[in-house]
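Below: the structure, in structure tokens.
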């Protein structure tokens with residue numbers, strides 16, 4: 001098994017060595033079917049391509065770390081895929097580190113710095129506020145993905161990068177869309193914690209949109225889910241409680257698509273038709289929004305573009321071609337089948 | 001920030017130090033609300049609990065590694081949560097390592113052994129066949145989760161553990177259930193690769209059930225998805241192709257719930273009613289099966305029990321209280337709203 005070479009892989013696949021190399025190095029000029037077959041043979045034989053082997057075995061391999069808050073959170077999956085591809089293209093090693101609920105991601109990053117030949121860090125999710133002292137201790141550039149606000153008080157924004165949408169503005173847009181459809185009794189499923197977070201910005205967008213259109217926020221329609229905004233169950237239970245409370249509402253704005261899928265199910269179980277009786281809107285533009293029944297109206301964050309930009313920015317800082325930046329992407333309101341004009 | 005102590009956390013939360021300690025150590029005798037509040041304060045302050053700090057900082061911390069094939073695969077999320085909890089309770093450090101598509105998980109494990117004070121490995125997913133030589137090189141016990149068949153040819157089953165359902169038998173049960181409802185034209189969405197995998201076992205269960213009931217498998221109803229069986233898009237496209245082919249079918253058996261959700265959406269787009277016109281069944285019993293509309297009939301793998309058993313087994317092998325074992329869990333057919341008797 002250990003004698004498998006790239007020549008042997010090429011022979012088994014009936015292709016040239018250069019084709020195998022193109023497959024391994026993710027070149028675009030290769031037939032996807034051929035590439036798939038080559039990668040399967042590589043896995044079957046246990047062959048380790050040279051660059052992967054080098055990355056694994058050389059303890060001095062240059063390395064990028066991705067710190068993901070909540071590995072069970074589907075939101076970051078498309079971003080992680082992009083990061084893997086970009087890191088591989090640059091011949092860096094990649095460490096994906098899950099941050100546990102009782103850990104601080106910056107502490108984890110500081111530890112990783114000691115152990116690894118780390119060149120840069122991407123933070124995905126996590127707290128919106130950190131200790132300025134700790135951030136300053138980081139010796140490698142850090143890009144915070146999906147968080148656009150100030151990461152720490154008393155810290156210049158020149159000391160870190162962010163790639164995000166403007167959550168407050170985009171959320172305002174979502175609620176204004178519902179108001180434009182004639183909705184006034186708009187319930188919201190949001191997070192209850194007082195910790196600064198991007199969800200807080202979305203909630204502010206909701207309040208501002210109501211205010212602009214002269215609608216008084218109704219405390220009874222503001223529903224707080226458990227901390228975890230990416231569980232179907234929280235969306236389901238919170239919506240069921242809202243329904244059972246007897247409060248009148250014509251629309252529900254959910255602060256994540258995952259919550260919205262739970263809301264759709266709770267409405268279906270209560271015999272409430274979407275969008276005929278109640279409109280439902282999500283936030284994030286995750287894949288599930290496109291596949292649930294009815295298709296969900298949502299605010300799409302351009303996750304792939306954001307991840308690509310985060311990697312480009314990180315590498316340009318590593319290469320000293322750029323300083324830190326704060327890049328804001330526009331969100332896109334995707335109108336699905338879950339919203340309609342009020343009757 | 002670095003001066004925060006457990007006493008300060010307790011003061012801020014208005015609880016005793018022992019309560020904070022119970023929260024940090026995941027004791028069960030604590031009010032969940034209180035625990036939540038404490039964990040939030042811990043995150044806000046950046047306080048590092050002693051045991052986490054020790055695990056992070058001591059390079060000799062005993063460590064368990066979880067190697068996950070496909071971090072973007074939602075299937076393993078509930079299992080990872082259990083592993084985290086169990087590892088924390090045992091005061092081990094946890095390394096979650098994502099295995100990339102061109103890596104061999106056993107190679108990755110062999111590398112991790114060199115770097116870390118590794119005591120045991122849990123493999124989640126990945127290839128169903130490995131090199132016996134490589135497995136033998138592992139110096140710490142390995143448990144393969146969700147794969148029950150022989151991991152390597154020419155290797156005694158005493159050299160590794162498995163925790164799984166009997167995929168062939170459970171799949172047989174699913175298809176027999178459909179046949180019992182009167183279905184004969186049962187399409188299947190399965191994986192096309194020739195690599196040994198648990199999906200192959202499920203496919204065999206399908207063929208065996210048809211055979212037992214005298215139904216000749218129809219090549220035109222056997223539909224192969226791209227390698228990745230956990231994408232909505234693959235389920236959607238493959239089902240759309242099936243519909244557009246004009247072949248007659250009354251049921252679709254999808255080899256994963258994620259594929260089934262894509263199938264539901266494709267059927268809805270074609271104006272085909274589920275279950276009135278076509279029945280749909282998934283496999284896995286993932287959370288989405290419970291929340292999609294209609295609720296999905298599926299084969300539930302007891303993922304939480306399996307993960308708990310895998311950890312118990314791994315630690316009992318580490319503690320030399322047990323040798324390797326092969327534990328098979330029964331699956332459970334969950335009847336949802338997506339299947340009905342044929343008219």
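The values are calculated or read from the model by the stated rules, or taken from the named source; none is laboratory data. Computed from a prediction, not measured in an experiment: that's the story for all the values here. Here the Cβ positions follow ideal geometry from the backbone for every residue, glycine too, while neighbour counts run over all protein chains shown.
The table that follows gives values for the structure above.
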read-out: Residues (in a loop (DSSP other than H, G, I, E, B) and surrounded by 16 or more Cβ atoms within 10 Å (Cβ to Cβ)) located in segment A:303-324; value: A:324
read-out: Count of segment B:113-130 residues which are free of Cβ contacts under 8 Å to residues at least 60 places away in the same chain, more than 14 Å from residue B:92 (Cα to Cα) and either outside the structural domain of residue B:82 (by TED's automatic domain parsing) or surrounded by fewer than 19 Cβ atoms within 10 Å (Cβ to Cβ) (or both); value: 3
read-out: Unmet criterion (only one of (1) farther than 28 Å from residue A:335 by Cα; (2) within 17 Å of the chain's Cα centre (by Cα); (3) part of a loop (DSSP other than H, G, I, E, B)) for residue A:148; value: (1)
read-out: Residue A:133 being within 11 Å of chain B (Cβ to nearest Cβ), closer than 27 Å to residue A:194 by Cα and crowded, with 20+ Cβ neighbours inside 10 Å; value: no
read-out: Single residue of B:2, B:18, B:28 found to be modelled with pLDDT under 75, out of contact with any helix residue (DSSP H, G or I) (no Cβ under 6 Å at 6 or more places or on another chain), away from chain A (no Cβ under 13 Å) and part of a loop (DSSP other than H, G, I, E, B); value: B:28
read-out: Those residues of segment B:94-109 which are more than 9 Å from every other protein chain (Cβ to nearest Cβ) and at pLDDT 80 or above, in sequence order; value: B:105, B:109
read-out: Checklist (1) at pLDDT 95 or above; (2) in the same structural domain as residue A:181 (by TED's automatic domain parsing); (3) in a helix (DSSP H, G or I) applied to residue A:288, failing item; value: (1)
read-out: Any chance residue A:74 is at pLDDT 65 or above, facing chain B (nearest Cβ under 8 Å) and within 29 Å of the chain's Cα centre (by Cα); value: yes
read-out: Residues being within 13 Å of the chain's Cα centre (by Cα) and surrounded by fewer than 23 Cβ atoms within 10 Å (Cβ to Cβ) - total across segment B:151-167; value: 1
read-out: Segments classed as strands (runs of 3 or more DSSP E), wholly inside segment A:180-270, with at least 1 members that are surrounded by fewer than 16 Cβ atoms within 10 Å (Cβ to Cβ) and not assigned by TED's automatic domain parsing to the domain that holds residue A:75; value: A:222-225
read-out: Lone qualifier among A:82, A:143 - being at pLDDT 95 or above, under 16 Å from the mean Cα position of the chain (by Cα) and either in a strand (DSSP E or B) or surrounded by fewer than 22 Cβ atoms within 10 Å (Cβ to Cβ) (or both); value: A:143
